[in-house]
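Peer 1: Following this message is one structure expressed as C-alpha cells.
The values are calculated or read from the model by the stated rules, or taken from the named source; none is laboratory data. The shown structure was predicted, so the numbers you read here are calculated from the model rather than taken from an experiment. Here the Cβ positions follow ideal geometry from the backbone for every residue, glycine too, while neighbour counts run over all protein chains shown.
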Amino acid sequence: MVILYGGKIRDEGTTDSLLTKHSKTTIETDVLDDETIAEIDEVIRRRSGGTKSMLAVTHPRQKLEEKFLEIVQKAKADRVGPPASGEGETASFLASGKTDESSGEELIDKLVWPSPSRCPRPSKTRQQAADAVADAKTEAQRGGRTRRRRRTTNRSANPSRSEVKSVSRTDSSDPPR
C-alpha cells in the first residue's frame, strides 16, 4: 500500500505495518478484577523505573457486523427469521395481536407487495426528464453560468414542443460577463 499526498509518496508498506502503533502495547486477557489490574500496573512501574505505566483498561468492542451476525444466529436458534427466508415463525409483533399466524403473513404481504393504486406515480414524463438532463448537460458545458428551465404552459402529461417555453436567466451570484 502506498499513501500519496501532494503528489508525493508519504509512506508505504503493508496495511498491518502502516497501521500498527509501535509506541504502545496491548495486552488482552480474560476479565480482570480491580486488584489484579492495580497489581499489573505496579509491576509495569517497578520494572520500568517509573517511566511507564498502564494507560488504559478497556473492554474490547465488537464490530457492528459481528453483533448483527450474533443476533441472526440467536434468532435462527430460536427459529425466528424473516418471512421471506421461510425460516421460523412470523414475529409476534407482526401478527397484530391475533392468534392466527396467517393474519401476520397477510400484513407482511401488504407491506411487501403494495397494490397498484398505492404506488406513487412518476412526477415527470420521460420527455420532461430527458429535457431536464439535456439542460443540465448544456449548463455544465457553459460552465454553470446560465441557468435554463423549461416550463409548460399546458399542464398536460405530454406537451408538444410548441407548448414548451425556455426561460433563461443569469444568477445574481455569477459575475457579469
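Peer 1: How many residues, within segment 23-51, are within 41 Å of the chain's Cα centre (by Cα) and either of a type in the set (A, V, I, L, M, F, W, C) or not in a helix (DSSP H, G or I) (or both)?
Peer 2: Residues flagged as within 41 Å of the chain's Cα centre (by Cα) and either of a type in the set (A, V, I, L, M, F, W, C) or not in a helix (DSSP H, G or I) (or both) within segment 23-51 amount to 12.
Peer 1: Give all pairs with beta carbons closer than 8 Å in which a residue from segment 31-47 that is among the charged types (D, E, K, R) meets a residue that is surrounded by 12 or more Cβ atoms within 10 Å (Cβ to Cβ); count only pairs at least 6 apart in sequence or on separate chains.
Peer 2: Asp41/Met54; Arg45/Lys52
Peer 1: Would you mind stating whether Gly50 is of a type in the set (Gly, Ala, Ser) and at pLDDT 90 or above?
Peer 2: In short, yes.
Peer 1: Which residue, of Lys74, Lys67, Lys21, Lys8, is among the charged types (D, E, K, R), at pLDDT below 90 and out of contact with any Lys or Arg (no Cβ under 7 Å at 6 or more places or on another chain)?
Peer 2: It is Lys74.
Peer 1: OK, next. Kindly provide the set of residues from segment 35-50 that are under 14 Å from Thr25 (Cβ atoms) and loosely packed, with under 12 Cβ neighbours inside 10 Å, ordered by number.
Peer 2: Val43, Arg47, Ser48
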